[in-house]
Each structure stands twice: as C-alpha cells, then as structure tokens.
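Since the structure comes first, as structure tokens, the remarks are kept for the end.
The values are calculated or read from the model by the stated rules, or taken from the named source; none is laboratory data. From a predicted model like this one, the values you see are computed outputs, not experimental measurements. Virtual Cβ from ideal backbone geometry, glycine too; neighbours counted across all protein chains shown. These accessible areas exclude ligands, DNA and RNA; they are computed on the full protein's heavy atoms, side chains included. Shrake-Rupley method; radii C 1.70, N 1.55, O 1.52, S 1.80 Å.
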Amino acid sequence: MTKVRVFNAAVIVAALGYFVDIYDLLLFSIVRVESLRSIGYAGRELEVGAMLNNIQMTGLMLGGVAWGMLADKKGRLSVLFGSIFIYSVANFLNGYSHTFTEYAFCRFFAGLGLAGELGAGITLVAEVLPTHLRGYGTMLVATVGVTGAIVGGWVAQVFDWRLAFKIGGALGFALLLLRIGVAESGIFHQSKSHSVSRGNFFQLFTNRDRFKRFSLCILSGVPIWFTIGILVTYAPEFAKSFDIPDPILTSKAIMYCYLGFVFGDFGSGLISQWIKSRNQAVKIFIVLNFVSMLLYLFAMKGATSGVLYGMCVLLGSTGGYWAVIVTMGAEQFGTNMRATVATTVPNFIRFSLVPMSLIFLAGKSYFGLVGSALLVGTTVSTIAFISVFFSERFIC
C-alpha cells in the first residue's frame, strides 16, 4: 500500500493556490484608498470602498454555489482550472479600470472566480489525505495561503496599485500551469460509479440535520471576516477616532493582520489535532478573538502606529481558525456534496461582510465608528460561540 505524505503535489499546489487567492481577494482592500482617490473618489474612500467590497463578496457568494456544485458533478480539478482563469483575467483587467463601473465589473468577476479556489483545494486535500493527517494538510494550506496578503501588502507599498493588480493576474496564470500536473481525487472517481445525486446545493435545505450543520458552520466563522473586513480594512479611519497622530496604511494593517493569521492558522490546526476536537479549538479562538476586538476598540486611544499594527497581528492570530472551519464543513458531508459545502461555507462567510458592513455604516451615524463596530462585533461573536456550542463534536 502506498504511504501518503502531507507534503504531496495536491497539498503543495492547493497551498500555492490559496496564496494567490488571498493575494487577489485582499488586494482591493489593500489599495482601496490609493486606487479610489486616483479615479476621483477622494474623501469617499470608506463608503465607495464598502460598495465595491460588497460587489466582490456578492460574486464570491454566487461563485461559491456554482463552483461547489460543478466540483461535485464534474470533478475538483475542473473548478480549479476554470476559477483560476476567470479571476486571473478579472484582476489583470482591474489594473486598467478608470471608472466605478469598470472597477465594479472587475471586482464582481474576480470574486466569482476566487470563490472556487479554496473550497475545491481543501476538498482535494481532504480526499487525498487520511483522517489522521488531514488537519496537518489543511493547516499547511492555510499557513502558506495567508502569506499572500503579506506579499500583497508589500507589493502595494512598492508598486503602483494598477501594477499590483496585474501582478495578481500574472500569478494566477502561473498557478494555472502548476495545476496541470495534479491528479484528480481518487475518492471522486470512485463516487462517480455510485447512483447518487452529486452537487445538489438545494439538498442542504431539504433536510433539517444537513441545514443545521451547514448553517452553524457558516455562523461560527463570521467573526473572522468582521475582523478582516471592518476592523483591519478601515484601520486608517479607526486610527483617526483613536487620535493616533501617525498615518496608518491599510496595506500595512492587512499585512500585519495576515502575519498574525500565519500563527493563528498554524496554532489552531495544531490545537485541534492535539485535543482531537476541531469544535473545541474554534471555541477557544472565538473567545480570544473577541477579547482582541475589545482591546482594539478600547485600548488604542492615543497609541502609536506601531502599537496599532501590533494589535492587527493579535487580531489576525486570534482570528486564524479559518482552515479549521473549512475542514469541519468538508468533513461533515459525503463525497457527493463535499466540494459544494467546502466551497459555499467559506464564501458565505465572506459574503456575511455585506450585511455587517451595511449595519456598521448605518450604525456609525448613531453610535460613532467605535460604537458601531462594538455592536456588530459583539453580535457576530456571540452568535458564533452559540453556533459552535450547538454543533456536534468533531473528532480529528
């Protein structure tokens, strides 16, 4: 019997794919201020940026459903090839945007394409690795992947925002070439001989137990995108509320946050393996992330830029249970629906930024920036903890 190792082609290429995914996904947030000012939206960077982010997240949600169903019907690799091509073209063209409409078009199709990358990659890893190695495999994918934001932050500081988008497109095409040598999941090939419905997204809503597992998994991961999409993305605006005199760059804030995610994803993966429960590991990180959020909102008054960037590292470290959440989703469903769930769960979590940002912006007028963030953050953290509490116990 062939011995399976964590460091194999599927895992390594999935990790590199997630690296490009995160680079392209977060690049808009990183260059938001600079790019919107250059196309005529100076002074409206927060509101217009939120609109474009919501458009991108809508593409992610729709793409998550479409790519997930396709991966279970046609195979994991078909999604990886198609999704990479779409988001690579969209990001490359984004470098030529001069109007809001052009920018929005590119962000929507970038989101649509990016939706297939992580879920299909994690599904492939989950099916080529045995159970006792699966947590380590997804931990490796997540740890390598989140460094894409760090590289994106560095690129945005060195190069013009237009060139940064073109670099993202070029990285995607390079990844497409690497994918050619990866084999399809053997488990998927075996499932094709079974007469069962594959990739039926609507089956998640026709059975109470399936819907419960699906929805609880999504809700438990929402605080991660509150941290990324609001606290860190709008760090320059929060810095003004904190009376921080030093200029704060979104590119640096996201770069430091994802530096924290490297430690968080690695740590949450190890903890879930050690205590043999992904469920308990997620509970620990939700509590730690909520504490970090409170420190960010109430302990930064008059701080320096270095302290705020350090807090971004802490927020990323405590929010780094992303891979564990995606793995939990993939493990709870059979091969006929595994890619559908593994693709839709992370993208529905990302889409949660849309209602969160709308509530945050509406609440800002009544409670101020910090008060509105506290309201949204406390709500989603509470819901997430309750969701994990009612979830079944997951044994590694």
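Starting from the stretch 362-385, keep only residues that are farther than 12 Å from Phe290 by Cβ and among the hydroxyl-bearing types (Ser, Thr, Tyr), then list their pairs with residues that are in a helix (DSSP H, G or I) and open to solvent by less than 20 Å² (accessible area, probe 1.4 Å) whose Cβ atoms are within a distance under 9 Å, requiring at least 6 positions of separation or different chains.
Going by the 9 Å Cβ cut-off, the qualifying pairs are Ser365/Ser372; Tyr366/Ser372; Ser372/Phe360; Ser372/Gly363.
Table: residues versus (1) outside any loop (DSSP other than H, G, I, E, B); (2) over 20 Å from Val388 (Cα atoms).
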{"position": "Gln273", "(1), (2)": "yes, no"}
{"position": "Val282", "(1), (2)": "yes, no"}
{"position": "Phe285", "(1), (2)": "yes, no"}
{"position": "Val291", "(1), (2)": "yes, no"}
{"position": "Leu297", "(1), (2)": "yes, yes"}
{"position": "Lys301", "(1), (2)": "no, yes"}
{"position": "Tyr309", "(1), (2)": "yes, yes"}
{"position": "Val313", "(1), (2)": "yes, yes"}
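Can you pull out the residues in the stretch 341-358 that are under 20 Å from Phe290 (Cβ atoms) and surrounded by fewer than 15 Cβ atoms within 10 Å (Cβ to Cβ)?
Pro355
Output the number of the condition that Ser365 fails; it satisfies all remaining conditions of (1) at pLDDT below 90; (2) under 16 Å from the mean Cα position of the chain (by Cα); (3) within 20 Å of Asn54 (Cα to Cα).
It is condition (2) that Ser365 fails.
Cβ-Cβ below 9 Å, separation at least six or inter-chain, first residue in the stretch 146-157 and under 18 Å from Ala170 (Cβ atoms), second surrounded by fewer than 19 Cβ atoms within 10 Å (Cβ to Cβ) and of a type in the set (Asp, Glu): which pairs?
From residues that are under 18 Å from Ala170 (Cβ atoms), the pairs are Ala156/Glu34.
Among Val326, Val307, which is the only one that is modelled with pLDDT under 90 and out of contact with any Phe, Trp or Tyr (no Cβ under 8 Å at 6 or more places or on another chain)? Please lay out each step first, then the result.
Details: Val307 fails: modelled with pLDDT under 90.
Answer to the check: Val326.
Of Gly302, Gly264, which residue is of a type outside the set (S, T, N, Q) and surrounded by fewer than 21 Cβ atoms within 10 Å (Cβ to Cβ)? Even if it seems obvious, please write down each step before you answer.
Numbers: Gly264 fails: surrounded by fewer than 21 Cβ atoms within 10 Å (Cβ to Cβ).
So the residue among Gly302, Gly264 that is of a type outside the set (S, T, N, Q) and surrounded by fewer than 21 Cβ atoms within 10 Å (Cβ to Cβ) is Gly302.
Of all the residues that make up the stretch 90-112, how many are open to solvent by 50 Å² or more (accessible area, probe 1.4 Å) and within 20 Å of the chain's Cα centre (by Cα)?
Count: 2.
If I ask for residues that are out of contact with any helix residue (DSSP H, G or I) (no Cβ under 7 Å at 6 or more places or on another chain) and among the hydrophobic types (A, V, I, L, M, F, W, C), which ones from the stretch 271-281 would you list? Explain how you work it out, then say what you get.
Kept after step one, since they are out of contact with any helix residue (DSSP H, G or I) (no Cβ under 7 Å at 6 or more places or on another chain), are these residues of the stretch 271-281: 274, 276-277, 280.
Trp274, the sole residue that qualifies.
For the stretch 89-109, check the following and say yes or no: at least one residue is modelled with pLDDT under 90 and of a type in the set (Gly, Ala, Ser).
Going through the stretch 89-109, the residues modelled with pLDDT under 90 turn out to be none.
Scanning the stretch 89-109, I find no residue that is modelled with pLDDT under 90 and of a type in the set (Gly, Ala, Ser), so the answer is no.
Starting from residues that are open to solvent by 40 Å² or more (accessible area, probe 1.4 Å) and of a type in the set (Val, Ile, Thr), keep the ones in the stretch 368-389 and report whichever is modelled with the lowest pLDDT. Walk me through how you get there before you give the answer.
Looking only at the stretch 368-389, we keep the residues that are open to solvent by 40 Å² or more (accessible area, probe 1.4 Å), and these are 374-375, 378-379, 382-383, 385-386, 389.
Checking which are of a type in the set (Val, Ile, Thr) leaves us with 378-379, 382-383, 386.
On the way: Thr378: 97, Thr379: 97, Thr382: 96, Ile383: 96, Ile386: 92.
Filtering first and then ranking leaves Ile386.
Which condition does Glu34 not pass, out of (1) in contact with a Leu (Cβ under 8 Å, 6 or more places away or on another chain); (2) closer than 18 Å to Pro236 by Cβ, if it passes all the others?
Answer for Glu34: the failing condition is (1).
Restricting to the stretch 267-296, give me the number of residues that are closer than 27 Å to Leu369 by Cα, buried (at least 18 other Cβ atoms within 10 Å of the Cβ) and either in contact (Cβ under 8 Å) with a residue 40 or more places away in the chain or hydroxyl-bearing (Ser, Thr, Tyr) (or both).
6
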